[in-house]
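The values are calculated or read from the model by the stated rules, or taken from the named source; none is laboratory data. These numbers were taken from a predicted model, which means no experiment stands behind them. Cβ placement follows ideal geometry from the backbone for every residue including glycine, while neighbour counts extend to all protein chains displayed.
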Amino acid sequence: MRRLGWVTIGLVALAIIEIVVLIAVGKVIGVGWTLLLVLATSALGAWLLKRVGVRSWRVFRADVQEGRPPGNAATDGLLALMGGVLLVVPGFVTDVVGAVLLIPWTRRLARGLVLRGVGGRLSPDVVNSLFGPRRVKAKAGAGTSYPSAGTGNDAPTDNPRLTGTVGNPGPTDSTPIEGEIIDPR
């Protein structure tokens, strides 16, 4: 219920901002040109919505047919469709946001934000099956000592798997390393 309230407040604020911007643009270039510009961006949005929608659907289907995780294609497609819808909505603020979402490199940035938001709400298995292995940054740290797994009296053992340190026992290095989390199953 709380989110619905924030969404309502956001939509009302967006409508007020759009009206203010439309009035300001109308004062600068005239009412006729402003209406023509709003209609032109709406028509462009409708055309792009159809074009990007068909292309996004093809990429999504190709990913599914080839066994690749479809999450990135689906997210790109949804962001592009959202950009087209925002262009169709009358107003200049939504047109700017919609145009930004239609540019491929800015859509990749927006996809990263969406994945961060969705990734925290879904289990890692679901995220990996939808989006494939994720790149992570990890730092090498000091080794962690574990007690020996002997008979319960912490006696040393000859088996190196049961005693010793985990990680790098030498000096710590805070240089990030890149890797992928891959489910071994």
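May I ask you to list the residues in segment 10-53 that are of a type in the set (D, E, K, R) and either under 33 Å from the mean Cα position of the chain (by Cα) or assigned to a loop (DSSP other than H, G, I, E, B) (or both)?
Correct list: 18, 50, 51.
Give me the pairs: first residue in segment 1-25 and modelled with pLDDT of 90 or more, second residue assigned to a helix (DSSP H, G or I), beta-carbon distance under 6 Å, and six or more apart or on different chains, which are they?
Matching pairs, first to second residue: 17/93; 18/93; 21/92; 21/93; 25/34.
Among the residues of segment 63-109, which ones are assigned to a loop (DSSP other than H, G, I, E, B) and farther than 27 Å from residue 21 by Cα?
If the condition is that a residue be assigned to a loop (DSSP other than H, G, I, E, B) and farther than 27 Å from residue 21 by Cα, then 66, 67, 68, 69, 70 are the ones that fit.
Cβ-Cβ below 6 Å, separation at least six or inter-chain, first residue in segment 42-62 and among the polar types (S, T, N, Q), second modelled with pLDDT under 85 and buried (at least 16 other Cβ atoms within 10 Å of the Cβ): which pairs?
56/77
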